[in-house]
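Asks: Dropping the structure in here first, questions after.
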Amino acid sequence: MITILAGGTGSVKLVRGMSSQTRDISVIANVGDNYWLYGLYICPDIDTILYGLADILDTQKGWGIKKDTYGFLRQMEVMGEETWFKIGDRDAAIHLMRTNMLKNGKNLSDITEWMCRKFAIDTKIIPVTDNSVETRIVTNKGDLHLQEYWVKYKGQDKVEGIKYVGADKARANPAAVNAIHDSKLVVIAPGNPLTSIGPILSIKGIRKELSKSKKKVVVVSPLIGGSAVSGPAAKYMEAAELEVSVYGLAKMYSEVASHIVIDASDRTHIRKIENLDMKVHETKIKMNDKKDEDALAQFILKQTHV
């Protein structure tokens, strides 16, 4: 079995690639950017994995459902509501179902499992916790929920720190801990290290299990040449006083991983990373299409002998 820690739009590409190579996959999904809006509970990272594996993801945007319509959002605007968070009509139905099930006593794990069955997805999608964890961005103008900072305000304000509110009290999902323990390989997908993967690692039970299993944990870099493949990873790393490079990334993950996959253009960092007692694998990591997704997945499986 292979377990993938996933969050953000970069992760789904590797999840798709891995799922094309093997059926026995579990995905531990970030919940730190879950958000309440219009009375609906929205789980962007869970839904992106769900839509990606169901082959209905809008791959141009990297989120949402392809060919979705926006009548709901237009009506909300008519009613005087803010519409900065772009919820499509079919997407809204998912959020409505989830919210109703939560109000009827179901937990997020049960709901996600039910949705996987509805979309005929074999891959297990496991929320890292059923408790509330909220990623908040500390700025020079106060702190904001991640969605507000990045989507509503376009990431304009200076980042001074990142907090995972509720993580200290959150209980790791037992299914996630078991998946890490039972897997032959654990892959940390190329998501933003601080806002897509960071909230997962902030859960004590997950971090502890990864540390015990670090010999089988491989990180896939979301950086190429000191820049993020997509999104604000570099900005957040600077705020956390991390070196914006694959070495800085490896140093951040060195307690929970023993392998890292980097782009061939970053090979100058190999010796420094190896001094962290991490094995380095270099290849093309940017995934522009399905062929690239499959190729990276094949590379990881071959290099780690799974």
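Bear in mind these aren't lab numbers, they're just calculated from the coordinates by the rules spelled out. Because the structure is predicted, anything quoted here is derived from the model rather than measured. Heads up, the Cβs are rebuilt from the backbone with ideal geometry, glycines too, and the neighbour counts pull from every protein chain shown.
Asks: Suppose each label sits 7 Å from its Cα in the direction of the beta carbon; what would the Arg117-Ser230 distance come out to in nanometres?
Replies: 3.2 nm
Asks: Dividing the convex hull volume of the alpha carbon atoms of segment 32-127 by its residue count, what do you get in Å³ per residue?
Replies: Dividing the Cα hull volume of segment 32-127 by its residue count gives 98 Å³.
Asks: In 10 Å bins starting at 0, how do the alpha-carbon pair distances of segment 182-306 split up by percent?
Replies: Histogramming segment 182-306 at 10 Å steps yields 13, 47, 35, 4 percent.
Asks: How many nm separate the modelled label positions at Ala54 and Trp84, each set 7 Å beyond the Cα in the direction of the Cβ?
Replies: My value for the distance between the label points is 2.8 nm.
Asks: For the chain, with only Lys/Arg (+1) and Asp/Glu (-1) charged at the beta-carbon, what is the dipole magnitude about the Cα centre, in debye rounded to 20?
Replies: Computed charge dipole of the chain: roughly 580 debye.
Asks: Among Asn30, Asn173, Asn192, which one moves the most in a GNM of the chain with springs linking Cα atoms closer than 10 Å?
Replies: Looking only at Asn30, Asn173, Asn192, the biggest GNM fluctuation is shown by Asn173.
Asks: Then there's this: Past 19 Å, Cα to Cα: identify those pairs from Lys141/Lys204; Lys152/Lys290; Lys13/Lys86; Lys184/Lys279, in the order given.
Replies: Over 19 Å Cα-Cα: Lys141/Lys204; Lys152/Lys290; Lys13/Lys86.
Asks: What residues from segment 255-290 fall in the zone where the backbone N is under 18 Å from a label point 7 Å along the Cα-to-C-beta line of Lys215?
Replies: 255-260, 277-280
Asks: Which ordering of Phe72, Phe119 is given by a fewest-first count of other beta-carbon atoms within 10 Å?
Replies: Fewest-to-most Cβ neighbours within 10 Å comes out as Phe119, Phe72.
Asks: In nm, to one decimal, how far is the Asp168 label point from the Asp292 one, both placed 7 Å along Cα→Cβ?
Replies: 4.1 nm
Asks: Given the DSSP H assignment, sum -39500 (n - 2.57) over each helix run of at least 4 residues in the chain and divide by its residue total; what's the result at 222 nm in deg cm²/dmol, nearest 500?
Replies: Calculated from helices alone, the mean residue ellipticity at 222 nm is -10500 deg cm²/dmol.
Asks: To test your reading of the geometry: what angle, between 0 and 90 degrees and rounded to tens, separates the Cα axis of helix 108-118 from the longest principal axis of the chain?
Replies: Roughly 90 degrees, rounded to the nearest 10.
Asks: Along the Cα-to-Cβ line of Lys204, 7 Å from the Cα, sits a label point; which residues in segment 149-184 have backbone N less than 14 Å from it?
Replies: 166-173
Asks: Can you tell me the 0 to 90 degree angle between the C-alpha axis of helix 8-19 and the longest principal axis of the chain, rounded to 10?
Replies: It is inclined by approximately 70 degrees.
Asks: Another question about this same structure. Treat the count of other C-beta atoms within 10 Å as a stand-in for reagent exposure and order Leu301, Leu37 from fewest to most.
Replies: With the fewest neighbours first, Leu301, Leu37 line up as Leu37, Leu301.
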